[in-house]
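For reference, the structure discussed in these notes is given below.
The values are calculated or read from the model by the stated rules, or taken from the named source; none is laboratory data. As the structure is a prediction and not an experimental result, all values here were calculated from the model. Positions of Cβ are backbone-derived with ideal geometry, glycine not excepted, and every protein chain shown enters the neighbour counts. Accessible surface is based on the protein model in full, side chains and every heavy atom, while ligands, DNA and RNA are left aside. Shrake-Rupley method; radii C 1.70, N 1.55, O 1.52, S 1.80 Å.
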Amino acid sequence: LSIAAVNSPSLCVVAGSSEDIAALELQLQVREVVNRRLHTSHAFHSPAIEPIVEPLRDIVAQSQLSAPRKRLVSCVSGDWLTDEQASSPDYWARHCREPVRFSDGLLTLCKEEHPILLEVGPGRNLSVFAAQTIGRDQLPAIIQSLPEHDNAALARQYVADAHGRLWMAGSNLPWPSHASQSRQAIPLPTYPFQRQRHWVDAPKSVRRRQAEQ
């Protein structure tokens, strides 16, 4: 068994053979530790991937690698990606083998910044990890951009909502331009100012009720 990912201070992923995972599940159940199996085809980021590391390195080496134009956080180290790492076929080949240090990378990012976090992709798993690692009260916003896969019909609504929440959190968004399309102002009905009383009257006093009887 090996740690495949550290997603938050209280959530990690363990990889290994089916037999070893079953034995671990039993131990966790005895200790009353919440766990569940992930639906995946391979034990990524574990020794099981070791046979493909070298072939992957040879493929990556055929491409021209260069330093990034913008700073990136490495999922391998949990720290800022260096120019040497970015231009190294060895680094990218090890990427599929080494544990994903998502939680450490998030801490690195938020150490120097106070960012708005936007989850790009379906679901909210990364948003949950971020809330557990940093805390929602420590960030301007943690925003999901797309619904879960079984609610794909709500994608346009989620994107629009994310756009609005980003703006509310202070993001300077490039709003879509409608210069090539005609627009017409539509007058909305004004408030009717209907003089209707909706006050809740106080209960009558005992003396007044007796006098009315």
>> Looking only at the chain, where both bridge partners belong to it, what percent of the DSSP beta bridges are antiparallel (to the nearest 5)?
In response: 55 percent
> In degrees between 0 and 90, to the nearest 10, how far off the longest principal axis of the chain does helix 18-30 point, with axes built from Cα atoms?
Replying inline: 40 degrees
>> For Cα pairs less than 8 Å apart in space and 6+ apart in sequence, what is the mean separation divided by the residue count of the chain, i.e. the relative contact order in percent?
In response: 16 percent
> In what sequence, highest mean first, do 160-170, 18-28, 137-147 appear when ranked by Cβ atoms within 10 angstrom?
Replying inline: 137-147, 160-170, 18-28
> Just the accessible area per residue of the chain, please: how many Å² with a 1.4 Å probe?
Replying inline: 77 Å²
>> Run the helix sum for the chain: -39,500 (n - 2.57) per DSSP H stretch of 4+ residues, divided by residue count, reported at 222 nm to the nearest 500 deg cm²/dmol.
In response: -10500 deg cm²/dmol
> Could you state the principal axis extents of the C-alpha atoms in region 122-186, from the largest down, to the nearest angstrom?
Replying inline: 46, 30, 19
> Relative to the longest principal axis of the chain, what angle (0 to 90°, nearest 10) does the C-alpha long axis of helix 50-61 take?
Replying inline: 90 degrees
> To the nearest 10 degrees, how steep is helix 102-112 against the longest Cα principal axis of the chain, on a 0 to 90 scale?
Replying inline: 70 degrees
>> How would region 31-77 be classified by its alpha-carbon gyration tensor: rounded, prolate or oblate, with rounded meaning a/c under 1.5 and the a/b versus b/c comparison settling the rest?
In response: oblate
> residue 108 accessible area, nearest 10 Å², 1.4 Å probe?
Replying inline: 20 Å²
>> With just the Cα atoms defining each centre, how far is region 1-58 from region 133-158? Give it in Å.
In response: 26 Å
> For region 34-127, what class follows from the C-alpha gyration tensor (a ≥ b ≥ c being the square roots of its eigenvalues): rounded when a/c is under 1.5, otherwise prolate if a/b is larger than b/c, else oblate?
Replying inline: oblate
> What translational D, rounded to a whole number of µm²/s, comes out for the chain from Stokes-Einstein when the hydrodynamic radius is the Kirkwood one over Cα pairs, at 20 °C and 1.002 mPa s?
Replying inline: 95 µm²/s
>> Restricting to Cα pairs below 8 Å that are 6+ residues apart, what does the relative contact order work out to for region 117-196? Please round to a whole percent.
In response: 23 percent
